[in-house]
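The values are calculated or read from the model by the stated rules, or taken from the named source; none is laboratory data. Note that the structure is predicted; figures quoted are calculated from it, not measured. As a convention, Cβ positions derive from the backbone with ideal geometry for all residues, glycine included, and neighbour counts pool all protein chains shown. Calculation scope for accessible area: heavy atoms of the full protein, side chains included, ligands and nucleic acids excluded. Shrake-Rupley method; radii C 1.70, N 1.55, O 1.52, S 1.80 Å.
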Amino acid sequence: MTLIAQRPASPGPAEPAAARRRPRRERPWLTAGAAWLAVGLAVAPILVTLLAALTDNWNDGPLGGGVTLRWVGESFAEFTIGLSTSVEVALYTLAIDLVIGLPLAWAFARTRLPGLGVLRWLTGLPLAVPGIAVGLALVATYPQLQSSGMLLIAGHVVVTLPFLTAAVAPVLADRDLVDLEHTAATLGARFGRRSLTVTLPHIRTSLLSAALMIFTLSFGEFNLTYFIVNPAEPTLPVSLFGAFIYGQTSNAAALTLWYCVAVVPIAVALQLLGKLAVKRSK
Amino acid sequence: MSAQAISPSRRQRRRFAPTIPLLAAIPAIALLVLLMVVPLCSFVIRSLTGIDGEFSWGSYQEIFTEPRYRTALFNSVWLAIASTALALLIALPAALHLARLRGRTRTVVDAVLTFPLSLPGVVIGFFIIVMFGRSGLAQAAMTALTGEPGLVLAYAMPGLLLAYLYFQLPRVLGTLRGAAEALDPDLVTVARTLGASRTRVTFTVVLPALKPAIFAATALAIASSLGAYGTVAALSEGFRVLPLDIAEQGTMLQNTRLAGAMSIVLALVSLISTLLNDAAERHMRRGAKPAAATAVAAATGGRTS
């Protein structure tokens with residue numbers, strides 16, 4: 001009530017009347033404009049990249065020298081080399097994340113011990129520290145691991161791990177799940193059986209979207225990767241960087257286009273999963 | 001009844017649960033210690049060590065006294081703030097509109113807006129080059145229209161600002177959209193039918209409800225742009241931000257002492273921004289009026305005056 005009493009003092013008397021006289025559609029137009037501006041900003045550079053990739057001689061302007069598939073074809077070999085390295089690194093990262101991260105998420109969800117707060121903070125630390133710092137610190141401490149590619153996977157594991165625990169721990173802490181597991185246990189199901197038939201189906205959606213997220217993050221990681229990658233085996237973003245700095249614009253554009261083609265399926269899958277999760281929670 | 005049903009099961013759970021998960025977490029703890037704690041601690045120690053192995057603040061002093069590094073730090077900070085402000089300016093109204101979308105349009109728009117999240121920073125740098133670079137689309141258009149090339153924006157501050165905006169927009173939008181969708185449409189309707197103008201509803205009902213999300217988005221956007229390296233590495237020619245200097249000191253010049261000090265300063269700035277946003281959010285929540293009350297107050301306030 002006091003709130004209502006306070007209100008009248010603030011606005012001038014003429015203002016609301018004027019506002020009411022204004023046409024109704026004015027504000028939707030503003031918000032819609034902003035939304036379409038955001039969409040336009042997101043799409044425009046991708047379309048221009050497509051244009052550059054299809055242009056024979058970009059230095060003569062867009063479509064200078066006509067349309068060609070030359071660049072798209074020529075960059076394919078470079079793309080596949082980077083792609084296989086990136087996929088390999090992303091899969092190793094994902095596998096290690098799952099093996100060490102799921103028990104960690106379990107500990108976060110099911111135990112209440114004093115050290116756990118520190119551990120949670122420690123898991124989130126790689127997100128607070130700039131990627132370059134993590135990369136430089138890793139390569140300064142373990143330079144001997146760089147050439148084998150192990151340092152790269154280690155770095156990716158550290159920066160993606162918080163995403164797994166953040167996605168899975170809340171679902172594991174779900175009271176319904178805990179009760180279900182307990183019911184299964186009292187009915188005689190052992191740990192392995194409980195995990196496979198009760199826990200896993202329950203966390204499936206969030207686990208899957210976390211896995212896709214980790215794969216995408218590792219696949220596109222550059223800030224940290226650039227400093228710890230084995231230079232003889234560049235990942236896709238590292239070879240893209242090389243093409244941007246030293247290469248022809250059209251070649252770089254074609255390589256970027258291939259990169260987009262590679263990540264589209266993952267992005268679509270992530271979105272579908274997100275929608276599934278929303279539907280379920282309703 | 002339900003409380004009675006839960007409490008005994010909890011007691012039993014406690015008997016077998018805690019030790020096993022903790023044991024299972026040991027590999028993760030070991031890995032985090034080896035790969036995060038040890039390298040970062042040695043980085044911190046090295047940044048605090050002088051040339052003869054003595055304790056020294058020298059590297060930190062150098063960042064703040066050497067004009068080159070001071071400028072880079074300053075550029076990093078204000079570029080992060082400016083691009084975040086720009087992103088919020090676009091994302092706030094956009095999120096309100098997107099929350100209203102339904103059906104196929106929504107699916108397509110969602111896909112388009114989240115796609116940039118899976119692009120590495122270097123690619124975003126290239127986007128700016130292909131749009132505004134020396135042989136970019138904007139240059140070609142200017143040459144075609146006026147006969148001479150215009151200003152090349154890509155490699156200096158405007159290009160960097162645009163690039164930062166590009167990678168922040170999907171992050172900020174993503175954070176705001178959830179809040180915009182959770183906004184109870186009845187509140188807006190109530191305030192409107194009680195006679196509050198749209199502008200008034202926006203400022204007294206909608207924006208206050210979005211405030212926590214706005215702070216979260218700001219913290220996220222500032223942190224991600226402070227640490228951005230790929231984008232600037234692909235773009236910048238002359239315009240310095242701190243990550244570029246960190247990379248240069250750490251690799252080419254092999255000055256890990258200074259690189260470490262710079263990384264820590266950058267991480268601290270990022271931490272301060274996160275803490276400030278958290279504090280602001282908590283302050284807001286403590287002072288927050290119930291949303292329904294503000295909706296009514298907005299309307300009646302408008303009417304009685």
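Worth a mention:
- Only Lys, Arg (+1) and Asp, Glu (-1) charged, at Cβ; chain A dipole about Cα centre in debye: 1720
- Ordered from largest to smallest accessible area (heavy atoms of protein chains, 1.4 Å probe), the residues A:C260, B:C41 come out as B:C41, A:C260.
- The helix-only estimate of mean residue ellipticity at 222 nm for chain B, built from DSSP H runs of length n ≥ 4 each weighted as -39500 (n - 2.57), is -24000 deg cm²/dmol after division by the residue total.
- For chain A, built as a Gaussian network whose Cα springs stay under 10 Å, the top-fluctuating residue of A:V139, A:V43, A:V99: A:V43
- Cβ neighbours within 10 Å from other chains - mean over A:60-67: 2
- Selection from A:Q144, A:P103, A:T186 lying farthest towards where the dipole of chain A points positive, charges on Cβ: A:T186
- Based on DSSP H segments of at least four residues, each scored -39500 (n - 2.57), chain A has a per-residue ellipticity at 222 nm of -25500 deg cm²/dmol.
- Placing +1 on the Cβ of every Lys and Arg and -1 on the Cβ of every Asp and Glu, with nothing else charged, gives region A:102-205 a dipole about its Cα centre of roughly 200 debye.
- Distance from region B:164-205 to region A:141-202 (C-alpha centre basis), Å: 36
- Take each residue in B:223-234, count the other chain C-beta atoms within 10 Å of its C-beta, and the mean is 5.
- Residues whose placed amide H lies under 5 Å from that of B:T49, excluding near-sequence neighbours: B:S56
- Prolate/oblate/rounded label for region B:63-122 (Cα gyration tensor, a/c 1.5): oblate
- Among the trypsin sites (Lys or Arg not before Pro) in region A:189-229, those placed in a DSSP loop whose Cβ has at most 16 other Cβ atoms within 10 Å are A:R190.
- Simple Cβ-charge dipole of region A:126-282, Lys/Arg +1 and Asp/Glu -1, about Cα centre, in debye nearest 20: 560
- Protection proxy ranking, peptides A:28-39, A:177-188, average beta carbon neighbours within 10 Å, highest first: A:28-39, A:177-188
- Most mobile of A:S218, A:S206, A:S195 in a GNM of chain A (Cα contacts under 10 Å): A:S195
- Shielding of peptide A:216-224 by partners, expressed as the average count of other chain Cβ atoms within 10 Å per residue Cβ, is 5.
- For chain B, complete DSSP H runs whose alpha carbons reach 15 Å or more along their own long axis and whose mean Kyte-Doolittle score is -1.0 or higher are B:67-98, B:103-114, B:121-132, B:157-182, B:207-226, B:256-287, B:291-304.
- Between B:T175, B:V190, B:I51, the Cα set farthest toward the positive side of the dipole of chain B (charges on each charged residue's Cβ, about the Cα centre) is that of B:V190.
- Karplus (6.51, -1.76, 1.60) ³J(HN,Hα), θ = phi - 60°, over region B:233-245, in Hz, Gly and Pro reported as x: 4, 6, 9, 5, 10, x, 6, 9, 10, 4, x, 5, 5
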